[in-house]
1. Conditions first: (1) surrounded by fewer than 23 Cβ atoms within 10 Å (Cβ to Cβ); (2) within 16 Å of ligand 1 (Cβ to nearest atom). GLU151 passes all but one, so which condition is the exception?
2. What tally of residues in region 323-338 results from selecting those that are in a helix (DSSP H, G or I) and more than 11 Å from ligand 1 (Cβ to nearest atom)?
3. Only residues in region 110-128 that are without any contact (Cβ under 8 Å) to a residue 60 or more places away in the chain and near ligand 1 (Cβ under 7 Å from one of its atoms) count as the first member; pair them with residues that are in a helix (DSSP H, G or I) and not hydrophobic (A, V, I, L, M, F, W, C), Cβ under 8 angstrom, at least 6 apart or cross-chain, and list the lot.
4. For region 74-114, which positions are more than 25 Å from ASN156 (Cα to Cα) and within 16 Å of ligand 2 (Cβ to nearest atom)?
5. On the basis of being crowded, with 17+ Cβ neighbours inside 10 Å and within 16 Å of ligand 1 (Cβ to nearest atom), does ASN222 make the cut?
6. Quick check on my filter: what residues within region 188-215 are surrounded by fewer than 18 Cβ atoms within 10 Å (Cβ to Cβ) and among the basic types (Lys, Arg)?
7. For region 300-317, how many residues meet the condition of being closer than 17 Å to TYR261 by Cα and either in contact with a Pro (Cβ under 9 Å, 6 or more places away or on another chain) or assigned to a loop (DSSP other than H, G, I, E, B) (or both)?
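The values are calculated or read from the model by the stated rules, or taken from the named source; none is laboratory data. What you see is a predicted model; the values in this text were computed from it and never measured. Heads up, the Cβs are rebuilt from the backbone with ideal geometry, glycines too, and the neighbour counts pull from every protein chain shown.
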Amino acid sequence: MINLLDFDLPGLTRYFAEIGEKPFRAKQVLRWIHQKGASDFEQMTDLAKSLRENLTQRAEIVAPKIRDEFRSDDGTVKWLIDTGAGNAVETVFIPEDDRGTLCVSSQVGCALACTFCSTGRQGFNRNLSVSEIIGQLWLANKALGRDPKGERIISNVVMMGMGEPLTNFDNVVTALNIMLDDHAYGLSRRRVTVSTSGVVPAMDRLAAACPVALAVSLHAPNDALRDVLVPINQKYPLAELMAACQRYLEVAPRDFITFEYVMLDGVNDSLSHAAQLIALTRDVPCKFNLIPFNPFPDSGYARSKPEAIRRFREALQEAGYVVTTRKTRGDDIDAACGQLAGQVHDKTKRKLHKEGVTL
Ligand code: SAH
Ligand code: SF4
């Protein structure tokens with residue numbers, strides 16, 4: 001059986017041609033699936049009966065299964081999504097005054113092994129398929145329903161759940177296409193954000209394939225420290241990363257990159273780190289998002305003191321940067337950044353990075 005949740009519009013159009021159906025029907029079917037949440041071809045009453053029968057025989061619309069749902073006191077909702085073979089990933093909905101953001105996972109685990117990240121500690125199992133990625137949005141939309149005006153509750157998507165989206169490039173781009181398509185979710189490019197730890201060649205490919213808003217997980221202002229915190233830095237060091245950010249901005253839907261910076265007590269949060277950061281990013285139009293570290297068992301790190309975060313923020317602001325400090329949301333249900341653990345059977349048999357890091 002072919003799962004139609006795996007197709008964006010060009011893919012579905014090609015598939016319809018292959019099975020002898022009119023390609024333009026693909027738009028109609030995409031609307032049924034993603035706008036009306038249909039999972040049964042019999043619901044698609046404006047399609048010819050012969051098309052419905054043809055599809056019923058060959059195809060299906062199957063989202064992954066929700067294994068569990070957790071609701072935080074602050075309105076945050078976390079779903080544990082079954083990805084088979086004893087594995088699971090997590091999806092988080094974060095309500096705010098002016099928007100509703102869904103944080104979507106792209107892989108079961110992550111191979112990049114950032115030392116302060118719970119997903120990174122677990123190792124890597126596999127990439128999510130398109131239907132598993134877009135299925136998170138499909139399921140969350142169904143679970144949350146619409147607001148009193150009939151608008152969708154989810155207005156923004158961030159690829160900031162488990163996994164490194166740019167190492168699951170093709171599936172992520174197809175899922176992004178579906179998010180942006182007016183026949184599906186119709187989200188604007190500025191409301192869809194890919195967060196990357198800095199996979200430089202894939203940043204250029206994303207710019208060419210599907211430029212959306214880009215967040216880059218910086219976390220350290222020099223290569224020596226970043227090599228340890230974000231090991232992919234050993235392959236793509238900061239000078240290359242900054243150049244890639246500048247190239248991305250030539251096509252980006254926003255005129256800035258968002259730099260994420262996790263605040264680790266005594267590790268990367270001094271005023272001298274702030275000064276290095278200012279020098280590093282001088283030529284990249286950017287905003288900073290400071291993320292107070294969210295602890296998990298045996299992490300070896302602690303969250304920076306509020307005073308240190310305030311000083312760091314002010315140093316950046318005085319240098320002219322726009323800086324936000326991310327509010328910790330959903331920590332009563334372990335749904336905050338970096339706490340998403342799901343259930344991952346590591347296939348990489350990596351050594352755990354146990355030691356804390358100081359520089
Ligand atoms: N792999 C991508 C996206 C997923 S992580 C990336 O690394 O960008 C989303 C954000 O949460 C990243 O900036 C990540 O570095 C940060 N993060 C990871 N672990 C964290 C933790 N324990 N506390 C706070 N932020 C964390
Ligand atoms: Fe992977 Fe991102 Fe976690 Fe690093 S921070 S291990 S890239 S999910």
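1. (2)
2. Step one: of region 323-338, the residues in a helix (DSSP H, G or I) are 331-333.
Now restrict to residues that are more than 11 Å from ligand 1 (Cβ to nearest atom): 332-333.
Count: 2.
3. So the pair list comes out as CYS110/THR119; CYS110/GLY120; CYS110/GLN122.
4. To start, the set of residues in region 74-114 that are more than 25 Å from ASN156 (Cα to Cα) comprises 84-87, 111-114.
Across region 74-114, the qualifying residues are ASN87, ALA111, LEU112, ALA113, CYS114.
5. Values: crowded, with 17+ Cβ neighbours inside 10 Å: yes; within 16 Å of ligand 1 (Cβ to nearest atom): no.
No: the conditions fail for ASN222.
6. First pass over region 188-215, keeping only residues surrounded by fewer than 18 Cβ atoms within 10 Å (Cβ to Cβ): 188-190, 201, 204-205, 208-209.
Within region 188-215, ARG189, ARG190, ARG205 meet the criteria.
7. Going residue by residue through region 300-317, those that are closer than 17 Å to TYR261 by Cα are 301-317.
Now drop any that are not either in contact with a Pro (Cβ under 9 Å, 6 or more places away or on another chain) or assigned to a loop (DSSP other than H, G, I, E, B) (or both), which leaves 301-306, 309.
Of the residues in that region, 7 qualify.
For every residue, the table says whether it meets (1) farther than 22 Å from HIS183 by Cβ; (2) of a type in the set (A, V, I, L, M); (3) surrounded by fewer than 13 Cβ atoms within 10 Å (Cβ to Cβ); (4) touching a residue at least 24 places away in the same chain (Cβ under 8 Å).
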position: ILE19; (1), (2), (3), (4): no, yes, no, yes
position: VAL29; (1), (2), (3), (4): no, yes, no, yes
position: ASP40; (1), (2), (3), (4): no, no, yes, no
position: MET44; (1), (2), (3), (4): no, yes, no, no
position: GLN57; (1), (2), (3), (4): yes, no, yes, no
position: ILE61; (1), (2), (3), (4): no, yes, no, yes
position: ASP73; (1), (2), (3), (4): yes, no, yes, yes
